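To start, the structure under review is shown below, and the notes come after it.
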Amino acid sequence: MKPNAQTASVSRSLHVPAIAALLALSAFVMALFFAQPAKAAPESFADLAQQVSPSVVNITTSTNVAAPSGGPAPVVPEGSPFEDFFRDFMEREDGAPNRPRRSQALGSGFVISEDGFIVTNNHVIANADEILIEFFEGFELEAEVIGTDPNTDLALLKVDPDEPLSFVPWGDSDTSRVGDWVMAMGNPLGQGFSVSAGIVSARGRALSGSYDDYIQTDAAINRGNSGGPLFNMDGEVIGVNTAILSPNGGSIGIGFAMSSRVATGVINQLQEFGETRRGWLGVRIQDVTDDLAEGLGLEEARGALVTDVPEGPSMEAGITAGDVILEFDGREVGDTRELVQRVGNTTIGKAVDVVVFRDGSLETLSVTLGRREEAEGAVPASAPADAPIEGEVLELTLSEMTDELRAELNIPESTSGLVVTDVAEESEAFGKGVRSGDVITEAGQQSVETIADLEDRVEEAREAGRKSLLLLVRRDGDPRFVALSLEDS
């Protein structure tokens, strides 16, 4: 039965308002959805600046430095009428021989407790004879150094105030996102208590240290800002302004602040012990590249490849060179930097489970961590040496160890292996950094002392279907793994 015109008209009149209402509701819900995570730009930073200013300080350091002599002093005959003139002149000159100068430097910092603990950069106060803190209210106090950490360029100072000081809390840098607003405050170029604002440009930046975790920001940071705070919009410190990237020494919008995640751990240790106390696993490691992963039989390039195990926690736990550390204390390890940071942040003396990949399977070992600061001079040991013969394998000209080579290259008696005597510049090995004088101590994760040993490792790898062979190469005692292709050798 077909609907008549009247029925169709009623049907449309019922559906149109419902559809319109549904569309309006959908638009409202979508507007809420998209507006929810976005935050409007602040109309002003004035309230925030006023809130935190009393806790930010200018730092002036003074150091006695010997001035250069500038060459021999003029010789004036004794009793000459010019004798007094030249003596007075030389005494007035800053460059007078053996006369020390008073050198001053400027920096920034911030108060973290009402009783006077102050955070700054290590390079701001390094070698200072006197440290003077200038507060926003206009008074000054001398500070003493409680502790420093050159690895993260952080330092903790202490002043003795007559009254409780205003201080700022730490924030959680891990919750800051790229694009979030931030504010820097400090003493740029001596222009004290200066504020600049910008956004988080990037996170997780590494500059040079093993423990680096920098927040990159475009808030203006210049010389003198070092050690000052980087604030989130809640007035919490999420970074310590440390460095800039600049061709001319001035801000071009690329500044770096050490994240509060790293800084809080370091400062807490400096406050408690006066020094850092980082965990020590006791291994030398390198990143796992794609070709190393293939040579090891790993499905993906991740983890930290152990190149050497000196006496210490890992040796006692049974970790060996060639193991790949895939998990530490219940968490996966992405690369060497991640492992170093995680170990350093773990309590000394704690027994942790370490999962390693060895000979195609996983093993879990328990390691009781030592203290890195007490172990940084540890020297690895290895095996005795053997006899002569030369040969060419994997485009490398090699010699078995001799007393002459050992003396010529200063190779320790404890190091055995094959000495690289020549590497063709067009070879894969040269491209991967192998050079004359290097010593190959292992191939396929087995020690090699003769040319025949290496040739056997090559054949074994080919028979196992490997496309590359893993070599452990030492230079000046420092080990690293190199994977060389077997397809054309």
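Nothing in this text is a laboratory measurement; each read-out follows from the coordinates by a stated rule. Fair warning: this is a prediction, and the values are worked out from it, not measured in the lab. Neighbour counts run over all protein chains shown; Cβ positions are idealised from the backbone, glycine included.
At-a-glance table
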| quantity | calculated |
| --- | --- |
| Fewest-first sequence of Ile319, Ile199 by Cβ atoms within 10 Å of each Cβ | Ile199, Ile319 |
| Stretch gain in nm, segment Arg342-Leu189, where the contour uses 0.36 nm per residue and the Cα spacing is subtracted | 51.4 nm |
| Protection proxy ranking, peptides 226-238, 167-179, average beta carbon neighbours within 10 Å, highest first | 226-238, 167-179 |
| Relative pair counts by distance (%), Cα atoms of region 282-375, 10 Å bins | 18, 56, 23, 3 |
| Stretchable slack from Glu392 to Asp47, in nm (0.36 nm times residue separation minus alpha-carbon distance) | 116.9 nm |
| For region 390-485, fraction of C-alpha pairs farther apart than 17 Å, in % | 44 |
| Cα gyration tensor shape for region 173-273, rounded if a/c is under 1.5, else prolate or oblate | rounded |
| Coil-residue GluC sites (Glu not before Pro) of region 116-148, DSSP, other Cβ within 10 Å capped at 12 | Glu137 |
